[in-house]
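Report on the following structure.
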Amino acid sequence: MNGVSGAGSRTPVLIDGCRIPFQRAGTAYTDLMAYDMGRMALKGLLMRTGVDKDVVDRIVMGCVIQDVETSNVAREAALGAGFPKHIPAFTVTMACISSNQAVTSGVDLIRGGLADTIIAGGTETMSDPPIRVKRSVRKRLFEARKAKGPGDYLDLVKGLGPSDLVPEAPSIAEFSTGEVMGESADKLAAMFGVSREDQDEYALLSHHRAAAAQEDGRLAKELVPATVPPDFDVVAHDNVVRPNTTLEKLENLSPAFIKPYGTVTAGNSSALTDGASAALIMSQARADADGHEPIATLRDYAFVAQDPGAELLLGPAYAIPMVLDEAGLTLDDIDVIELHEAFAGQVLAVLEALRSDTFAEEKLNRTSAVGDVDMDKLNTRGGSLSLGHPFGATGVRLVTTAANRLHEEDGRWALVAACAAGGQGHAMLIERV
């Protein structure tokens, strides 16, 4: 910490945020580690903001599927990006809201007087998740360290069959319930009466909005280019967006999880995605002292958790009223909404819950519904369905996009919200400066 203090100095403000273009897993970033992408996002943020690296007090990054070689990927990416070695860095994991947690960790450090300048971000590769061999083989490999000769090695492989050597690929499933997230999305859509047609129409809207934002340059404002070795080809655009998709194409897709009657398909789900993001957060006093112009103030936030078996993806419906009530606001006061789109059915179920008197009475202990979300305020540049969803990086994308939209759409209040594995959720209020 660099000693900035005084009345009002502890207000956390967002100076700027950015991300490298999100890429569908198995495409442009397929040979990169999460470390590589995180390093590029951090370097991009330094170039955009011109912040003095020496004034940074802490670097926090979200990451979900961690590589054992870079388990604290925030520290490794920071060193790779050229930050001074004396700056502490730590990695947080909270499933799809990991970089939301990175942001709020920074907010808390600033409010608590422990820091004045924070970099929060996130990084994720879905192209190269760690794949394990079975436990029986792992145990023998561990025991192999004690082997002293050929006979010992032969003893170690006795009794192993071909099935023991089949790798264990990671699954996007709940450890507590064994249920794949897409199955939970199907259940949630059915619970709130969200039809397949509703989901396909929302997915189409997300892609068309993202394509329009690509075309007119709104998305470009939050991107920093990535370069991919060995030829250092430049990646300048998100490649998950499907500008030419149609309702007919989406309707022709088969259910992906609950067959044959499910409503969740590959077309109305977010894609496996690689990417990274970063944001510069300062105390208001430090921003003033260093001549940085904030774009937004980071206000109230909430984290919630529900039963992962019954309400895995419903977290925003609980977190949103908490932050609104804390600030004395209603949905009508909100000008910009950025809601994470894990599945179209999940988004629409959350909106149904917010407008439901029954949900309000039974789950929120309220006398009436939270309110209707104006679709003209929601995800106007597309969302995770169309832009992609690198688990550890999406939260900072949401915050950055929300702050930028406040200025471009002449609003005062933005609401960011997201669901996450484990039945968790998050919401945060952002005020335009």
Query raised in the report: Where the centre of each part is set by its Cα atoms, how far does the range 33-47 sit from the range 198-217, in angstrom?
Result: 27
**Report entry** Nearby aspartates and glutamates by direct alpha-carbon distance to K85 (threshold 19 angstrom, same-chain neighbours under 8 apart not counted)
**Finding:** D36, D52, D54, D57, E69, E76, D116
Report summary line: Sequence order, the range 103-119: Karplus ³J(HN,Hα) from phi using 6.51 cos²θ - 1.76 cosθ + 1.60, θ = phi - 60°, Hz rounded, Gly and Pro as x, gives 4, 6, 4, x, 4, 5, 4, 5, 4, x, x, 9, 7, 10, 9, 10, 10
Report summary line: Put in order of increasing Cβ neighbours within 10 Å, starting from the fewest, C96, C419 give C96, C419
Query raised in the report: Taking 0.36 nm per residue of separation and subtracting the Cα-Cα distance, what length does fully extending D216 through D332 add?
Result: 39.0 nm
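Given the -39500 (n - 2.57) contribution per DSSP H run of 4+ residues, what per-residue ellipticity at 222 nm results for the chain, rounded to the nearest 500 deg cm²/dmol?
-10500 deg cm²/dmol
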Report summary line: Going from the fewest other Cβ atoms within 10 Å to the most, one would list H389, H340 as H389, H340
Report task. Return the percentage of antiparallel bridges among DSSP beta bridges fully within the chain, rounded to the nearest 5 %. Result -> 70
Query - Sites E408 and V234 - FRET efficiency at Förster radius 30 Å, r taken between beta-carbons, to 0.05 - result: 0.70
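Give me the dipole magnitude in Debye, nearest 20, for the range 309-433 about the Cα centre, with unit charges on the beta carbon: positive for Lys and Arg, negative for Asp and Glu.
420
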Query raised in the report: What is the distance in Å between the Cα centres of the range 138-184 and the range 362-378?
Result: 48
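Given +1 on the Cβ of Lys and Arg, -1 on the Cβ of Asp and Glu, and no further charges, what dipole in debye does the chain carry about its Cα centre, rounded to the nearest 20?
1660
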Query raised in the report: Say each of S195 and I172 gets a label point 7 Å from the Cα, pointing the same way as Cα to Cβ; how far apart are those two points in nm?
Result: 2.6
Query raised in the report: Dipole magnitude of the range 1-102 about its Cα centre, charges +1 at Lys/Arg Cβ and -1 at Asp/Glu Cβ only, in debye to the nearest 20?
Result: 220
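None of the figures in this text is laboratory data; all of them are computed from the coordinates on show. Fair warning: this is a prediction, and the values are worked out from it, not measured in the lab. When we count neighbours, we look across all protein chains shown, and the Cβ atoms used for this are built from the backbone with ideal geometry, even at glycine.
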